[in-house]
1. Round to the nearest 0.05 the FRET efficiency obtained for Ala261 and Glu222 when R0 = 30 Å and r is the Cβ-Cβ distance.
2. List the relative contact order of segment 133-275 as a percent without decimals, with contacts defined as Cα pairs under 8 Å and 6+ residues apart.
3. Apply the a/c threshold of 1.5 to the C-alpha gyration tensor of segment 119-275 and tell me whether it is rounded, prolate or oblate.
4. Considering Cα pairs under 8 angstrom that are at least six residues apart, work out the relative contact order of segment 144-206 and quote it in whole percent.
5. How far apart, in nm, are the 7 Å Cα→Cβ label points at Asp231 and Asp159?
6. Compute the length gained on full extension between Arg70 and Arg25: take 0.36 nm times their separation in residues and subtract their Cα-Cα distance, giving the result in nm to one decimal.
7. Label 7 Å along Cα→Cβ of Thr142; segment 151-176 residues with amide nitrogen under 14 Å?
8. Taking every pair of distinct Cα atoms and averaging 1/r, then inverting, what Kirkwood hydrodynamic radius in Å comes out for segment 230-275?
Amino acid sequence: MKSYSTHDVASLLSLTPTQVRAQVRAGILSPDRGPRGALRFSFQDLVLLRTARALADAKVPARRIRRALRQLVRQLPRGRSLSELRITAEGERVVVRDDAATWQPESGQMVLDFAVADLATRVAPVARRLARDARRAEEQRTADQWYGLGLDLEAAAPDDARDAYRRALELDPAHTDARVNLGRLLQEGGRPAEAVAHYQAALATTPGHPTAAFNLGTALEELGRTADAIDAYRRAVAADADFADAHFNLARLYERTGRRAQAIRHFRAYRELTQ
């Protein structure tokens, strides 16, 4: 579910509604349709539009912007947000960075500096209004709709996002993605024990969910439960052999606990996946 109207987007980014709709026609944004066909956007759409403007200001050709941003969205793993990335122009190239890697989305080769914290701050009042309106609305929302709202609220209003995920789970306790995201927000808020319970519940529903297993490992580490964290990371790697961060964390914990052969094996896997 996408929550921001054309007016919201135009106001937040100092654009006209006509300029916003032009970016939809150009293929930069993929909004949903709300009542009476009104366009509805997600926070990720706002990040894309803000990024497109920043790249255009840096003199990157429009065709290259459209191609790079479309490819970037396709390359993001499930559950990954553009708000976690930094996007910059280097000459006419679009370059993307995260904590682990740098790459060009057009080619996929690993090689703006665009942060979204300021955008999240500007969006926060609108996000809180959307959450308030959703809670007051007379029509019943589905679990997927509450989950979609949670995604839209995360960067700008994390407390309201947690509430949206909880409401999704009240309607569908087996909603794995809502469970994982709620756990992550609780963990980021300094509540790792509560996060562990949600990750474990997600894995009970979807045993092969690599992100749930990986996040469980990080939360268990915070609680000092090293052996249990190793088991969780091993589960993440079993579900996704290309999960580089899980290999890295396994290597680190194996090294810490004196299991050098296992540490070397997982460090090698991590290097191969990130070169």
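Since every read-out is calculated from the coordinates, none of them should be taken as a lab result. All values derive from a computational prediction rather than experimental measurement. Here Cβ is always computed from backbone atoms with ideal geometry, including for glycine, and neighbour counts include all displayed protein chains.
1. Working: r = 27 Å, r/R0 = 0.89.
Once the sixth-power term is evaluated, E becomes 0.65.
2. On the way: 184 pairs, mean separation 18.1, N = 143.
Value for segment 133-275: 13 percent.
3. Working: a/c = 2.57, a/b = 2.18, b/c = 1.18.
Judged from the Cα gyration tensor, segment 119-275 comes out prolate (a/c at least 1.5, a/b above b/c).
4. Values: 70 pairs, mean separation 16.1, N = 63.
The value is 26 percent.
5. Distance between the two pseudo-spin positions: 3.6 nm.
6. Numbers: separation 45, 0.36 × 45 = 16.20 nm, distance 1.33 nm.
Contour length minus Cα-Cα distance gives 14.9 nm.
7. 168, 171-172, 175
8. Details: mean 1/r = 0.0996 Å⁻¹.
One over the average 1/r among Cα pairs gives 10.0 Å for segment 230-275.
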